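**Student:** Supplied in structure tokens, the structure appears directly below.
The values are calculated or read from the model by the stated rules, or taken from the named source; none is laboratory data. Keep in mind the model is a prediction, meaning the values are calculated, not measured. Note: ideal-geometry Cβ built from the backbone for every residue, glycine included; neighbour counts use all protein chains shown.
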Amino acid sequence: MKLYCLSNDPNKPCHILTFREVTMMLDCGLSMQSLLNFLPLSFVPSNKLMNMANWMPCDTSDPDLEGELKENGDRVFVDSPPEFCPPLDKLIDFSQVDVILISNYLCMMALPFITEGTGFKGRVYATEPTLQIGRLLLEELVIYIEQCPKCNFASQWKNFVHKCPYPLNEAFKPKSWKQIYNMNNVNASLSRIQMVGYNEKIDLYGALQVIPASSGYCLGSANWIISTEHEKIVYLSGSSTLTTHPRPMDHHALKNADILIMSDLTQTPISNPDSMLGVLCVVVGLTLRGGGNVLIPCYPTGVVYDLFECLSGKMQESGVANCPMFFISPVADMSLAYSNILAEWLSSVKQNKVYAPEEPFPHALLVKNNKLKHFKHIYSEGFSTDFQEPCVVFCGHPSLRFGDVVQFIELWGNNPRNCIVFTEPDYDYIEALAPYQPLQIKVAHCAIDTSLNFTQANKLIRDLKPKTLVVPECYTQPPVANPNLTELVIGNHPDSTLIPYKWGEVINLPLKRKQGQVLIETNVAQKIVPVEVKPGISLSTVTGSLNVKDNIHKIQELSDIKSKPVKYEWGTLNITEFLQKLSQEGITDAKVESLGGNVVVIHLQAEDALIQLEDNSTHVVCNADEKLRTKLRNIVMQCLKEF
Amino acid sequence: MPEIKITPLGAGQEVGRSCLLLTMGGKNIMLDCGMHMGYNDDRRFPDFSYISDGPISAFIDCVIISHFHLDHCGALPYMSEMVGYNGPIYMTHPTKAIAPILLEDMRKVSVEKKGEMNFFTSQMIKDCMKKVIAVTLHQSVMVDNDIEIKAYYAGHVLGAAMFWIRVGSQSVVYTGDYNMTPDRHLGAAWIDKCRPDLLISESTYATTIRDSKRCREKDFLKKVHECVDKGGKVLIPVFALGRAQELCILLETYWERMNLKAPIYFALGLTEKANNYYKMFITWTNQKIRKTFVQRNMFDFKHIKAFDRQYIDNPGPMVVFATPGMLHAGLSLQIFKKWAPNENNMIIMPGFCVQGTVGHKILNGAKTVEFENRQIVEVKMSVEYMSFSAHADAKGIMQLIQHCEPRNVMLVHGEAAKIDFLKEKIQQEFNLQCFSPANGETSVITTPVKIPVDVSLPLLKAEAKKFSGLTPDPKRRRTLHGVLLMKENSMCLMDVDEACKEAGINRHVVRFTSTLNINDPGPSLTTAHKIHGYIREKLPLCSVIFSEGEISIESVLVKVEGDDDDQKSVYVSWTNQDEELGSQILNLINHMGKV
Ligand SMILES: [Zn+2]
């Protein structure tokens, strides 16, 4: 069994696991850190972005590089459509992948890169919410980028990265970066997904069984259990033990694995989501009361549902209930609608509401009461008439490199009464804001990441007791930003062997299959005659015709051959007893000759035969006289035990 | 041989009051717990005293409800709260949401309108629903350590499911009511090749092969249109949820297209609520509705308005949907009494009616109907029956059998004569045993044993290697031979040497070598070749290999020695396990030498 690590970002994982000749891809996350090196895409011309100064590395005068890099403050940005770092394609040919298992909608953004134009022919499994909401995220991304076409594609800069200032000089493998896929690729890719339910047993070629178990992280999020009759591998991706809107995490299913692969732990290891939510509510209240606007860059799904619910309540309490909330995304309407029809995937509190029948999320009611207004874009019909300040705006993209958020920063960035609140943990907010600096708008950092922190993860490992624990290497060392917080690691667990892995590695996992399973059918089973060879241990020979279909082995009765069942002899032949039996049968001229060791030869001169005896073998040598041989055979058998 | 036992407490050779008792692997499972709508007395509920005279918790491991129709869940609060059952009850989420509403509705009609006694209360319905565990499609649910259940989409009403149930190596599929053709708001039933030991299928429409859906819809719309054109009133008795939504979608689009003005009413009180359930469980509807629900919710009707009792006597044409569907009580019956004497009016019965109901009577051509208070109603209105009930027809049932490949079939929830017809068809076409027990009668199905046993991989691999090394022959069977090592908690099949090692004993190999002399001048190799050819001819099924002067037949060795003169010594050697073959070959060569 082998594990390949194709993603550099443990929060956007992508692995290949090979086991029993099945090649599985575990998640296909797309690392988007590369975005921060690009200039934002604005669909109305922006003075600031257009007039940014060109930058050239010192002692370089390559004319092809001219205009590709722009400078703002101490940062350098690439002026080109943004590029993404897809999963590594050098270790494995994607056409060989049999199955892709997707854990949650945040871990599938690279799917079109894997399945389209690569010869991929496998199956893709995901839960219904993962498919439906994942579709929204993929579509939003494509719309954001396609609505701001750029005519020049910069490429020369990749040859000069080493001469660029931080952080561009540390960009990860920029030569492998790719342009985003198009909508046709998205549709083709998603059409390959087969929807599965939690705890649905999925058979893979009869060789393996995979089961998605609720992971509590977001709508439809799952951990995967991959098993045979004898082995169990658990792949743990985005998981949460906190109580929010999704179905709670299913611990039980993950227990006692031979191998536990753990990725996608929290990106905010030192802050706690509840207190961050508290800070957020206070900041929003203060800003609105001060007449300022709040800008919350976000994904169109996920924690944002909890924010609508929580903020609307808090705004009521702070006396700013009149300020509207705007939710702007090309998929805002779909996201609001889908979240309210996925009752079976929600926490029991939310689920119980549909029995009333009421919508599980209050945002349907907020929309009805005009507290929450949603638009596809800021230039959509009705937005300009509905727009009123002060207000709270939720919009994408959290990287601040495209989407309507770019326009809101232009609009509100120079007013210190306004506030931009970062709630999504994916991007460093300082880097996200860098191309817009200097800004007057207040900045609040309240990243809410509900996935497991290190304390929760270590506790979980203690509970689950995997034999082998496989984690990204970076989880075995304190975070780069907090090198002295040595408790922020996956520690050593006495019951589990720890194996770290990193990008580009192929590691062997210690799982040697020794046993399989066969099904013994009635007629064969009836012929089993157990012989107790030791207390509590019985043996019996089994013979049957083997029927193999879909990797399921059945032993059925041999229909036409009426042969006696084969038996085996065991134990040691006692020579005295043997000689006695010979003489009882009238063979009295036996001459015993010891050949040393425990080898003894018995010569039967009159019969022209000899019998060679050893501890574990007896050899009867005689002429073609079958009568004699049968007689000798019977005597040997009487002196041995058989099963 | 292990057995599966099924006893219908209801739905055995009848329609209505589905309730089956399933016993396998020492577990007792109740499949559906319905009430009979045609009776007002004890006969409406299944006879639970068959199970026990008191509470039945100790005898039933779990209850599974297929869908929210009262003939499948109507007796549930009676069983759990009045007879006494505290174990788990499984149903899908939509069923869990909708069933209590229908139960409450029925309770009101029975107790408050008809004054029936010995009926469950509202609180009992609530307490009963607390025992319900909701399941999602395809989710594998372990009821306890032995019982596993899994729901499949049945397409009969919102949330209707078929259930696969496994205990040990035995398995059963219970269909409840299902529909194999997609309709306006639901998809078609689907199941995988799960090869159960027994498929228990409904057979409401066992003898019908329904004409195309489109024709029936056109026919329905034409009749409604004609009736309102001449100023008549159309009554359509329906259940609150299910067919009603489908017919509403149908009329709504037709009214829109034809620009009709006659009012359509939906007389339920829970119209909006009912439609809300459809909105929230839209993932259970068909592909088309799911795709478009964000833009346009199919269940927001423009032309269909809420009904008020006062409208009964309004002049002019109208179309009214009213509950209940079988015309046995409530508003639909009240409207019927008013409108029946007018020949301009029409009643369309869109579903099956159980015996004893007014619906059943008029469908059988009754021209007058007598009620409890000696009121006699003349039926002059035209009576139309349109099979909109989403049940599988004969073709659909056969399809389902084909899909899931059961070893045995049982037909329930159908009339005896119709069941017999279909039974014969199934036996002919699939060569399957087909059962149809009556209520209280037990069918016993024996199932093959399949004991799962661990097997050592080297044993399997050695066999596979040997098999793939042979020349391909479709007739050749693969044989597996090994030794089963049985310990207290485990069984493992392995190679004999591995087994002896595991068991800590020494195998003792007994070998025989017989020497015979034959006269055959020439080199010994030539003699060996002769023997080789002879054995191949005599034992065509054995694998015979000739190499370096030695012949091996399976594991029997034959060797020839001797100079070029006449006399040759032939050694035949085998282990005791090959005694039969060894002595046979010895005899063969002996015989050859004498020829
Ligand atoms: Zn039904």
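**Student:** Which one of the conditions (1) surrounded by 24 or more Cβ atoms within 10 Å (Cβ to Cβ); (2) more than 17 Å from the chain's Cα centre (by Cα) does B:Asp41 fail to meet, given that it meets all the rest?
**Tutor:** The failed condition is (1).
**Student:** Collect the residues in the stretch B:176-190 that are at negative phi and either away from chain A (no Cβ under 14 Å) or within 15 Å of the ligand (Cβ to nearest atom) (or both), keeping them in residue-number order.
**Tutor:** B:Asp177, B:Tyr178, B:Asn179, B:Met180, B:Thr181, B:Pro182, B:Asp183, B:Arg184, B:His185, B:Leu186, B:Ala188, B:Ala189
**Student:** Looking at (1) touching a Gly at 6+ places or on another chain (Cβ under 6 Å); (2) more than 16 Å from the ligand (Cβ to nearest atom), find the lone condition where B:Gly12 falls short.
**Tutor:** (1)
**Student:** Which of (1) within 18 Å of A:Ser239 (Cβ to Cβ); (2) in contact (Cβ under 8 Å) with a residue 40 or more places away in the chain; (3) β-branched (Val, Ile, Thr) does A:Thr455 not meet, given it meets every other one?
**Tutor:** (2)
**Student:** Could you tell me which of the residues A:Gln638, A:Gln612, A:Gln584 is within 11 Å of chain B (Cβ to nearest Cβ) and modelled with pLDDT of 85 or more?
**Tutor:** None of the other options fit; the residue is A:Gln612.
Conditions (1) out of contact with any Lys or Arg (no Cβ under 8 Å at 6 or more places or on another chain); (2) assigned to a strand (DSSP E or B); (3) facing chain B (nearest Cβ under 9 Å), marked per residue:
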position	(1), (2), (3)
A:Gln517	yes, yes, yes
A:Val548	no, yes, yes
A:Leu558	no, no, yes
A:Lys564	yes, no, yes
A:Lys567	yes, no, yes
A:Thr576	yes, no, no
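**Student:** Additional query: Looking at (1) away from chain A (no Cβ under 14 Å); (2) more than 16 Å from the ligand (Cβ to nearest atom), which is the only condition B:Cys73 fails?
**Tutor:** (2)
**Student:** Of the numbered conditions (1) modelled with pLDDT of 95 or more; (2) surrounded by 22 or more Cβ atoms within 10 Å (Cβ to Cβ); (3) more than 16 Å from the ligand (Cβ to nearest atom), B:Ala97 fails exactly one; give the number of that condition.
**Tutor:** (1)
**Student:** Scanning the stretch A:120-154 for residues that are among the aliphatic types (A, V, I, L, M) and farther than 17 Å from A:Met334 by Cα, which turns out surrounded by the most Cβ atoms within 10 Å (Cβ to Cβ)?
**Tutor:** The qualifying residue surrounded by the most Cβ atoms within 10 Å (Cβ to Cβ) is A:Ala126.
Yes/no matrix, rows are residues, columns are (1) free of Cβ contacts under 8 Å to residues at least 12 places away in the same chain; (2) under 14 Å from B:Leu480 (Cβ atoms):
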{"site": "A:Thr522", "(1), (2)": "yes, no"}
{"site": "A:Ile537", "(1), (2)": "yes, no"}
{"site": "A:Asn551", "(1), (2)": "no, no"}
{"site": "A:Leu558", "(1), (2)": "no, yes"}
{"site": "A:Pro565", "(1), (2)": "no, yes"}
{"site": "A:Asn574", "(1), (2)": "no, no"}
{"site": "A:Phe578", "(1), (2)": "no, no"}
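**Student:** For residues in the stretch A:519-546 being more than 7 Å from chain B (Cβ to nearest Cβ) and in contact with a Leu (Cβ under 9 Å, 6 or more places away or on another chain), which is surrounded by the fewest Cβ atoms within 10 Å (Cβ to Cβ)?
**Tutor:** A:Glu532
**Student:** Select the helices (runs of 4 or more DSSP H) contained entirely in the stretch A:300-391, then report the ones holding at least 2 residues which are away from chain B (no Cβ under 14 Å) and charged (D, E, K, R).
**Tutor:** A:303-317
**Student:** Being aliphatic (A, V, I, L, M) and more than 16 Å from the ligand (Cβ to nearest atom) narrows it down to one residue among B:Val238, B:Val157, B:Val167; which is it?
**Tutor:** B:Val167
**Student:** OK, next. So which residues in the stretch A:303-340 are β-branched (Val, Ile, Thr), modelled with pLDDT of 95 or more and over 27 Å from the mean Cα position of the chain (by Cα), if there are any at all?
**Tutor:** Matches in the stretch A:303-340: A:Ile328 only.
**Student:** Right, next: What single numbered condition from (1) within 24 Å of A:Ala356 (Cβ to Cβ); (2) within 16 Å of the ligand (Cβ to nearest atom) fails to hold for B:Ile289?
**Tutor:** Among (1) within 24 Å of A:Ala356 (Cβ to Cβ); (2) within 16 Å of the ligand (Cβ to nearest atom), the lone unmet condition for B:Ile289 is (2).
**Student:** Among the listed residues B:Glu246, B:Glu217, identify the single one that is within 38 Å of the chain's Cα centre (by Cα) and either within 16 Å of the ligand (Cβ to nearest atom) or not charged (D, E, K, R) (or both).
**Tutor:** On inspection, the qualifying residue turns out to be B:Glu246.
**Student:** Taking strands (runs of 3 or more DSSP E) that do not extend beyond the stretch B:164-245, which have at least 3 residues that are under 30 Å from B:Ala306 (Cβ atoms)?
**Tutor:** Once the strands (runs of 3 or more DSSP E) in the stretch B:164-245 are filtered for at least 3 residues that are under 30 Å from B:Ala306 (Cβ atoms), what remains is B:233-237.
**Student:** Here's another thing I want to ask about it. Taking the stated definitions as given, is B:Asp497 surrounded by 16 or more Cβ atoms within 10 Å (Cβ to Cβ) and charged (D, E, K, R)?
**Tutor:** no
**Student:** Go through B:Ser490, B:Ser547, B:Ser543 for me and flag whichever is assigned by TED's automatic domain parsing to the domain that holds B:Leu480, surrounded by fewer than 16 Cβ atoms within 10 Å (Cβ to Cβ) and not aromatic (Phe, Trp, Tyr).
**Tutor:** Exactly one of B:Ser490, B:Ser547, B:Ser543 is assigned by TED's automatic domain parsing to the domain that holds B:Leu480, surrounded by fewer than 16 Cβ atoms within 10 Å (Cβ to Cβ) and not aromatic (Phe, Trp, Tyr), namely B:Ser490.
**Student:** Of the residues that make up the stretch A:259-268, is at least one within 14 Å of another protein chain (Cβ to nearest Cβ), at pLDDT 95 or above and buried (at least 19 other Cβ atoms within 10 Å of the Cβ)?
**Tutor:** No; the residues of the stretch A:259-268 include none that is within 14 Å of another protein chain (Cβ to nearest Cβ), at pLDDT 95 or above and buried (at least 19 other Cβ atoms within 10 Å of the Cβ).
**Student:** Against the conditions (1) surrounded by fewer than 17 Cβ atoms within 10 Å (Cβ to Cβ); (2) within 15 Å of B:Leu480 (Cα to Cα); (3) not aliphatic (A, V, I, L, M), where does A:Pro494 fall short? Just the number, please.
**Tutor:** (2)
**Student:** Could you look through the stretch A:421-471, keep only residues that are of a type in the set (Gly, Ala, Ser) and either closer than 28 Å to A:His493 by Cα or in contact with a Cys (Cβ under 8 Å, 6 or more places away or on another chain) (or both), and pick out the one that is surrounded by the fewest Cβ atoms within 10 Å (Cβ to Cβ)?
**Tutor:** A:Ala444
**Student:** Hey, another quick one. Would you confirm, using the coordinates I've provided, whether B:Ile451 is touching a strand residue (DSSP E or B) at 6+ places or on another chain (Cβ under 6 Å), within 14 Å of another protein chain (Cβ to nearest Cβ) and part of a loop (DSSP other than H, G, I, E, B)?
**Tutor:** So B:Ile451 fails the test.
**Student:** In the stretch A:2-58, which residue that is among the small types (Gly, Ala, Ser) and crowded, with 21+ Cβ neighbours inside 10 Å is modelled with the lowest pLDDT?
**Tutor:** Ranking the candidates gives A:Ser31 first.
**Student:** Let me ask something else. Identify the residue in the stretch B:138-154 that is within 14 Å of the chain's Cα centre (by Cα), within 13 Å of chain A (Cβ to nearest Cβ) and hydrophobic (A, V, I, L, M, F, W, C) and, among all such residues, is nearest to the ligand (Cβ to nearest atom).
**Tutor:** Filtering the stretch B:138-154 for residues that are within 14 Å of the chain's Cα centre (by Cα), within 13 Å of chain A (Cβ to nearest Cβ) and hydrophobic (A, V, I, L, M, F, W, C), the one nearest to the ligand (Cβ to nearest atom) comes out as B:Ala151.
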